[in-house]
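These notes are about the structure you will find just below.
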Amino acid sequence: MSGPDPKEWSTLRLFALRCLDHSNLTIIGATAAFLLYTRSAGVAYFAAGAVSCSLSVKVVKRLIRQERPDPIYRKVKKKSYGMPSTHSASIAYFATYIPLACAYLPLHPSLPQSLYIRTLPPVLIMPCASLIAVSRIWLGHHTWPQVAVGCAYGVGWACLIFKLWTSGLNEYGALVDDFVHDVIGL
């Protein structure tokens, strides 16, 4: 019995890397679907936090102005700067905020009141986030330091956004939820 065909393995690896290269579309789509399903102000706040994390990283990139590494799979080098990695910051934001929300926030009424709802999202997001962050190096988009700083930035941003929510912004979120439910009828 022989092992897998190297050509098939190479094709599978390239397909996986392409999927990881466009993981932002999957994450954005899943977040939008969850927001539409729950119609929760808390989820909208979480999504806004993710967008603000991404945008603020882009500002930091322009301040630091560190070049990206030479491309591995692409023929043309990306024109934006590399430090810190926006993908790594954004996915680290998700991987930090989601476990915090599952551990400390009440479940939204639109969700089943189950222990699985609290445990499954963190169990799924952690390995996915790690894979996405490391893929930025495998794809040749970033160096290890650029990914590490991006991850640290995302963790810090998530902690800040979560602290703001639990320090009083959640009260406004409850008012928005009530408004959407009562006035708009959603």
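Readers should treat all values here as calculations from the given coordinates under stated rules, not as data from a laboratory. What you are looking at is a predicted structure, and each value in this text was computed from that prediction instead of being measured. We place every Cβ from the backbone using ideal geometry, glycine too, and count neighbours over all the protein chains shown.
Go through Ala44, Pro99, Thr26 and say which Cα lies farthest out towards the positive end of the charge dipole of region 13-184; charges sit on Cβ, +1 for Lys and Arg, -1 for Asp and Glu.
After comparing all options, I get Thr26.
Which of Ser90, Ser52, Ser114 has the fewest other C-beta atoms within 10 Å, and how do the rest follow up to the most?
Details: Ser90 26, Ser52 14, Ser114 10.
Ordered by Cβ neighbours within 10 Å, fewest first: Ser114, Ser52, Ser90.
Excluding same-chain pairs closer than 8 in sequence, count the lysine pairs in region 13-184 whose Cα atoms lie under 24 Å apart.
9
For Ala32 and Leu105, calculate 0.36 nm times their separation in residues minus their Cα-Cα distance, and state this gained length in nm to one decimal. Present the calculation step by step, with values, prior to reporting the outcome.
Details: separation 73, 0.36 × 73 = 26.28 nm, distance 1.98 nm.
Here the answer is 24.3 nm.
Take each of the peptides 127-136, 102-111, 158-167, average the number of other beta-carbon atoms within 10 Å over its residues, and list them starting from the highest.
Working: 127-136: 18.8, 102-111: 12.8, 158-167: 16.3.
Ranked from most to least packed, the peptides come out as 127-136, 158-167, 102-111.
Taking other Cβ within 10 Å of each residue's Cβ, how do Val57, Val43 sort, fewest first? Could you put the intermediate results ahead of the total?
Numbers: Val57 23, Val43 20.
Lowest to highest Cβ neighbour count: Val43, Val57.
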